[in-house]
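Trainee: Take this structure first; my questions come after.
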Amino acid sequence: MIKIESLSKNFGDYKALDNFSLTVPKGAVYGLMGLNGAGKTTIIKHLSGLLVQDEGSITVDNQAVTDNEALKARMQVIPDDLFFFRGYSLNQMGAFYKKLYPLWNEERFRAMIADFGLNPKKNIGKFSKGMKKQAAFSLALAAMPDYLILDEPVDGLDPIVRRKLWHYVMEDVADKEMTVLVSSHNAKEMEDVCNYIGIIAGGKMIFEGDLLEMEAPVSIEEIFIEKLGGVHYEK
């Protein structure tokens, strides 16, 4: 379980997160939604250990995230702004991940890059944006994580690739109860994959709910519009 309690973060005079709390149960696919600038990426950076909170706590399986290498070996984060070692091929990145993650699955890695049609010997820096996303998913899921953290994961990808990526993710959720937190401003995308939803605005959680326990069939898009008061969003 991922648990964030009363998290606050300031950058100078700017309050990026304001007493923010969130709970992601084990095996859930949790959609964290909000407009651009709402604080979604700041939450992701805290979970990945790139930022340290001013107040509050962040735990995964009741363990603090900060400076916890054993826990980080069980997590994979795919940020919106992807990073690969300069000049590395996909083969070289795979070899690096294999040393870093004890549950690395080479067979799965090879199957995924073949499915996506990626050249494992080519410099990843020369891949298109979509190919880089596919490379990132291949590396992350071959590490066999218990927790997968995604920031705008399929933004800009064509429908066939989106379907393939979500198929791999949902397969791991079903087979080994992988827990997924995905940030997005795309209501339709979240409606197709999530069973929990949280809406963030101005660094605060303004709505959180289990979609399966709501009394009537709901549309995430309608909830999103209602909670944000009709503010413009991107479909």
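The values are calculated or read from the model by the stated rules, or taken from the named source; none is laboratory data. Please read these numbers as outputs of a predicted model, since none were measured by experiment. Cβ coordinates were reconstructed from backbone atoms using ideal geometry, including for glycine residues, and neighbour counts include every protein chain displayed.
Trainee: Out of the residues in region 36-51 meeting the condition of being among the aliphatic types (A, V, I, L, M) and touching a strand residue (DSSP E or B) at 6+ places or on another chain (Cβ under 7 Å), tell me which one is surrounded by the fewest Cβ atoms within 10 Å (Cβ to Cβ). I'd like the intermediate steps shown before the answer.
Mentor: Taking region 36-51 first, the residues among the aliphatic types (A, V, I, L, M) are 38, 43-44, 47, 50-51.
Keeping just the survivors that are touching a strand residue (DSSP E or B) at 6+ places or on another chain (Cβ under 7 Å) gives 38, 43-44, 47, 51.
Details: A38: 22, I43: 29, I44: 23, L47: 22, L51: 19.
For region 36-51, the residue satisfying everything is L51.
Trainee: Let me ask something else about it. For region 173-188, enumerate the residues that are farther than 17 Å from D61 by Cβ and either under 13 Å from the mean Cα position of the chain (by Cα) or without any contact (Cβ under 8 Å) to a residue 40 or more places away in the chain (or both).
Mentor: A174, D175, V182, S183, S184, H185
Trainee: Given I200, I160, which one is β-branched (V, I, T) and under 30 Å from K9 (Cβ atoms)?
Mentor: Residue meeting the stated conditions: I200.
Trainee: If A174 meets every condition in (1) assigned to a helix (DSSP H, G or I); (2) within 23 Å of E222 (Cα to Cα) apart from one, which number is that one?
Mentor: Against the list (1) assigned to a helix (DSSP H, G or I); (2) within 23 Å of E222 (Cα to Cα), A174 comes up short only on (2).
Trainee: Something else now. Of these, Q76, Q92, which one is surrounded by fewer than 19 Cβ atoms within 10 Å (Cβ to Cβ) and of a type in the set (S, T, N, Q)?
Mentor: The conditions single out Q92.
Trainee: Can you tell me which residues in region 5-29 are in contact with a Gly (Cβ under 7 Å, 6 or more places away or on another chain) and within 20 Å of T179 (Cβ to Cβ)?
Mentor: Answer for region 5-29, where residues must be in contact with a Gly (Cβ under 7 Å, 6 or more places away or on another chain) and within 20 Å of T179 (Cβ to Cβ): E5, L7, F20, L22.
Trainee: Looking at A70 and the list (1) part of a loop (DSSP other than H, G, I, E, B); (2) under 25 Å from W104 (Cβ atoms), which single condition is not satisfied?
Mentor: The one condition A70 does not meet is (1).
Trainee: Looking at A143, is it out of contact with any helix residue (DSSP H, G or I) (no Cβ under 7 Å at 6 or more places or on another chain), under 30 Å from Q63 (Cα atoms) and among the small types (G, A, S)?
Mentor: When the stated conditions are applied, A143 does not pass them.
Trainee: To continue, here is another question. On the basis of being modelled with pLDDT under 80 and loosely packed, with under 13 Cβ neighbours inside 10 Å, does A174 make the cut?
Mentor: No.
Trainee: While we're here: Can you tell which of L141, L150 is in contact (Cβ under 8 Å) with a residue 12 or more places away in the chain, surrounded by 14 or more Cβ atoms within 10 Å (Cβ to Cβ) and part of a strand (DSSP E or B)?
Mentor: None of the other options fit; the residue is L150.
Trainee: If I ask for residues that are free of Cβ contacts under 8 Å to residues at least 24 places away in the same chain and either of a type in the set (S, T, N, Q) or not in a helix (DSSP H, G or I) (or both), which ones from region 82-121 would you list?
Mentor: Across region 82-121, the qualifying residues are F83, F85, Q92, G117.
Trainee: Restricting to region 167-186, count the residues that are more than 26 Å from K9 (Cα to Cα) and touching a helix residue (DSSP H, G or I) at 6+ places or on another chain (Cβ under 6 Å).
Mentor: Total meeting the criteria: 2.
Trainee: Which one of these is outside any helix (DSSP H, G or I) and farther than 15 Å from I78 by Cβ: I160, I200?
Mentor: Selected residue: I200, the only one of I160, I200 that is outside any helix (DSSP H, G or I) and farther than 15 Å from I78 by Cβ.
Trainee: Looking only at region 76-101, count how many residues are of a type in the set (D, E, K, R) and under 17 Å from K45 (Cα atoms).
Mentor: Residues flagged as of a type in the set (D, E, K, R) and under 17 Å from K45 (Cα atoms) within region 76-101 amount to 2.
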